[in-house]
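A quick write-up on the structure given underneath.
The values are calculated or read from the model by the stated rules, or taken from the named source; none is laboratory data. In this text, all values refer to a predicted model and were calculated from it rather than measured experimentally. In this analysis, Cβ positions are derived from the backbone assuming ideal geometry, glycine residues included, and neighbour counts consider all displayed protein chains.
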Amino acid sequence: MHVDKHLVDAELAHITIAEVQNEHSGAFEEITLDPVKVAHREDVTEALNFAKTSHWDTNTDTDPDVCGYLSNHCVRTRHQSSQKCLPSFAMERFPKLDSSIRGDSCGGNTIFSYQFTKYDTAKHDKLTWEGFRMEVPCSTSIYGTGENTGGLLLNEMADYGPHEHSESYDQRRGIDKKTGKPIPEPPAKHYPRPRNNAICWNTDAVFCDESFESMYQSHPWVLLVKEDGSALGVFVDSTYRTVIHLCKEGSLIYLYFLSEAPKGAPPVYLFPAQTPQRVLQELSTFTGYMKLPPKWALGYQQCRYSYYPDTTVKKVAKTFREKKIPCDVIWMDIHYMDEYKCFTFDKAHFPDPKALNTYLHDNGFKSVWMLDPGIKLLDGYSVYDSGTQGNHWITLKEGNKTPAVGKVWPGKTVFPDFLKQETREWWGDLFKEYMGTGIDGVWNDMNEISSFQDGNSIPQYSYHHADEDLGGPDPNTRYHNVYGMMMAKASYDGIQKADNNKRPFVLTRANFMGGQRYAAMWTGDNTSSWSHLHFSIPMVLNMGLSAQPFAGVDIGGFFENASASLYARWVGIGALLPFARGHSCDGTADHEPWSFGKQTEDTCRRAIERRYRLLPYFYTCFHEASKTGLPVARPVFFTDPTDTSLRAIDDAFVIGEDILVQAFTTPAKEESCVLPAKYQWRKMFILDDPNERSDADLPDLYQRSGSIIPVGPLVQFVDDESSHELDLYVFLGEDGEATGKMYDDAGEGYAYQSGDFAMFEFHAQKSNGEVTVTSKQTGGVFTSPYSLVRVHVVVQEEKQSKVFHSLEFVATFSV
């Protein structure tokens, strides 16, 4: 039984590989494959469009149980030293061997070209690796792998060779020839990856750049999009270290998937569909959907490592309100703790956390507090004592109760074994008193596991006493990549246990496929640089393309000091990403919206006000994500997957289906907007502030033709009851029609699951010189709070408006 299948609630059939005993270290042996099983579904024939040896032809008469053949294109992995002390592997391709096609042929067409190989690295770490190869035309667009620094498209990784790190690369990257260091403001927005690999091994990727092969999260998944817009998802269902390697040969790109496999080759799942959107829906059905978050989690959020003492927290909150910059959440980093001990409070700096949370609540704020997995090894510390008594720690080895000891912020630490149900329940019980102080959400950090010792983590062969339904006890090599996800699950369940009327909010740094069920995620410790500003967009987009809709970045950059222009630009973009939180490191300059002078403060206010006015639209997108798995922030090519000119755009993104955000990620605003030709697009200005039109640091917003977008009132926080106004912006398509929808509920609790929600559908139709706009509640019994509705119809750049006092109406406009 595969642990991986249980961890992602897998239900589909998978590739099976016959075990082969390899007695020769470093030798290769072919493994005979059973037929590839592609699940029966309405789009199954699309599987036949992919993975030919050199071309794709649809063969609709072929049975969906697709057969394949061995290509004899062997792959070997070997350990390679890394100056950054991160897991790194080099890949060697061996020439093809003379061999006839093996296995069945389907309709005369070769369906799949792959090979599983088995390589025993006995001379190294005595690890067994298994993998397979796919080959696709170079015209295929490749995305995914979850968290991946660099641009949106992964294809450039196939171009990189052993001698590619040359002067030309340095010039493109913006490297100072004299110092060898990056130029502070790179001259271009394109930062090529100097690597072929994406390695799934959760890593504390401090000071990461586009060269890093491993990041904080692991997603052994790629999305392949064909020229005609049809798509295929490939998921290697392995929690072990997995390498995704790209290389190019002639007109083909080869994708190698290799995984540590001491228990045999992992299952591989294929998701064929007519569109990439459909692939993501299938993947989310497979791995699970994100839960609808509390509405306050969609607001703007402010953090720092760290705000302390509590008087500083109050000052930050007070300044947001005084300056009328909307904000919903203030975050507490580790300095609130007593000597960095989890579930404790520093009596000097945070003497009364309940009173602090009451102050924040009274002023319209929620609070999120950090919990790391590292528990201080200290007799007399109640969490350590109860964890030891219950045998809740990861141990040094099998059959030994001695805990694996790391070194994190509190010094010597031990780590809960979240692969055990008993441990997760013990962790959840700790939340009752903790959440009783008024804490609203929890932040799980350092859960890769990160430890300040050799390897930057606990020993790989530390032992997890996992439950049998998760695969049973095994070393950390098997469970390392899912540790953060299981911690997030334990925290999610703990919040529910403390108050089952609250929708849990958890933010996690480490994650795995399926982790969207328990937590939002962010991309980790970035740097205040123009390159990292640019990476904010493609990194969040590729997270969404890996079924992780609720994702964001440290707005402004975590390390180093942002300039005023960089910070303003970052808030403008970051405020429109699914998760919007400003964050900065201890020892850096202040990075609040008012920290860089009045001009930057005004830009930040406008940027955040945009988010709050778009909250009805955002909440509708989050509701859709919770039902379908579709991302909230989507790549531009989603507007027309058949338009190949859109495939590489990563300085723009689309919120839902209808709002395109054109960002500017270079100092000189060199980007040129490429609007998808399938639709017409009109610039959106949604603030009463006339300077929104002239503010050069704000991204441009465009509304898609054929859409109706709900825009809410300008409020200072989500639960602000000062206004109940709603604007509907109607932009007719070429066919004279427009549609839209809006979801709403109480924003907290679970009454919506019993029908206490409202779904409104909007429709506009032009006929005989008139435009008729209708709004109707089509689902739920929730009474929407909006008591004044303004309807704006735009025809040939002319806007007409009418006012209604109900969200159900029929309006007629003469045009």
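Is the stretch 499-518 home to any residue that is in contact (Cβ under 8 Å) with a residue 24 or more places away in the chain, closer than 19 Å to residue 372 by Cα and either outside the structural domain of residue 478 (by TED's automatic domain parsing) or over 20 Å from the mean Cα position of the chain (by Cα) (or both)? No, the stretch 499-518 contains no residue that is in contact (Cβ under 8 Å) with a residue 24 or more places away in the chain, closer than 19 Å to residue 372 by Cα and either outside the structural domain of residue 478 (by TED's automatic domain parsing) or over 20 Å from the mean Cα position of the chain (by Cα) (or both). Quick check on the stretch 225-232. Is at least one of its residues part of a loop (DSSP other than H, G, I, E, B), under 30 Å from residue 640 (Cβ atoms), in contact with a Lys or Arg (Cβ under 9 Å, 6 or more places away or on another chain) and not small (Gly, Ala, Ser)? Looking through the stretch 225-232, none of the residues is part of a loop (DSSP other than H, G, I, E, B), under 30 Å from residue 640 (Cβ atoms), in contact with a Lys or Arg (Cβ under 9 Å, 6 or more places away or on another chain) and not small (Gly, Ala, Ser). Checked against (1) in a helix (DSSP H, G or I); (2) among the polar types (S, T, N, Q); (3) surrounded by fewer than 21 Cβ atoms within 10 Å (Cβ to Cβ), residue 595 meets all criteria but (1).
Quick check on residue 229: is it over 30 Å from residue 663 (Cβ atoms), of a type outside the set (D, E, K, R) and either in the same structural domain as residue 637 (by TED's automatic domain parsing) or over 22 Å from the mean Cα position of the chain (by Cα) (or both)?
So residue 229 fails the test.
Among the residues of the stretch 476-488, not a single one is surrounded by fewer than 23 Cβ atoms within 10 Å (Cβ to Cβ), in a loop (DSSP other than H, G, I, E, B) and either at pLDDT 95 or above or in contact with a Cys (Cβ under 9 Å, 6 or more places away or on another chain) (or both).
Within the stretch 290-328, which residues are of a type in the set (S, T, N, Q) and either in the same structural domain as residue 623 (by TED's automatic domain parsing) or part of a helix (DSSP H, G or I) (or both)?
Hits for the stretch 290-328 are 311, 312, 319.
Residue 549 meets each of the listed conditions (1) touching a Pro at 6+ places or on another chain (Cβ under 9 Å); (2) assigned to a helix (DSSP H, G or I); (3) under 23 Å from residue 629 (Cα atoms) apart from (2). Checked against the criterion of being within 19 Å of residue 657 (Cβ to Cβ), out of contact with any helix residue (DSSP H, G or I) (no Cβ under 8 Å at 6 or more places or on another chain) and in a loop (DSSP other than H, G, I, E, B), the stretch 768-779 has no qualifying residue. Can you spot a residue in the stretch 213-236 that is of a type in the set (D, E, K, R), closer than 15 Å to residue 513 by Cβ and modelled with pLDDT of 95 or more? The answer is no; no qualifying residue exists. Within the stretch 635-660, being crowded, with 22+ Cβ neighbours inside 10 Å and either in a helix (DSSP H, G or I) or of a type in the set (Ser, Thr, Tyr) (or both) holds for 636, 637, 638. The set of residues in the stretch 397-417 being over 17 Å from residue 428 (Cα atoms), modelled with pLDDT of 95 or more, touching a Phe, Trp or Tyr at 6+ places or on another chain (Cβ under 7 Å) and not basic (Lys, Arg) consists of 403, 404, 406, 408, 409, 410, 414.
Given the criteria more than 21 Å from residue 326 (Cβ to Cβ), modelled with pLDDT of 95 or more, assigned to a strand (DSSP E or B) and in contact with a Ser or Thr (Cβ under 8 Å, 6 or more places away or on another chain), does residue 759 qualify? It is true that residue 759 is more than 21 Å from residue 326 (Cβ to Cβ), modelled with pLDDT of 95 or more, assigned to a strand (DSSP E or B) and in contact with a Ser or Thr (Cβ under 8 Å, 6 or more places away or on another chain). Take the residues in the stretch 598-628 that are over 30 Å from residue 288 (Cα atoms) and either free of Cβ contacts under 8 Å to residues at least 24 places away in the same chain or of a type in the set (S, T, N, Q) (or both); name whichever of them is surrounded by the fewest Cβ atoms within 10 Å (Cβ to Cβ). Checked the stretch 598-628; the qualifying residue surrounded by the fewest Cβ atoms within 10 Å (Cβ to Cβ) is 598. Checking the stated criteria, residue 547 turns out to be in contact with a Leu (Cβ under 7 Å, 6 or more places away or on another chain), closer than 14 Å to residue 219 by Cβ and surrounded by 24 or more Cβ atoms within 10 Å (Cβ to Cβ). Scanning the stretch 559-570 for residues that are in a helix (DSSP H, G or I) and in contact with a Gly (Cβ under 7 Å, 6 or more places away or on another chain) yields a total of 3.
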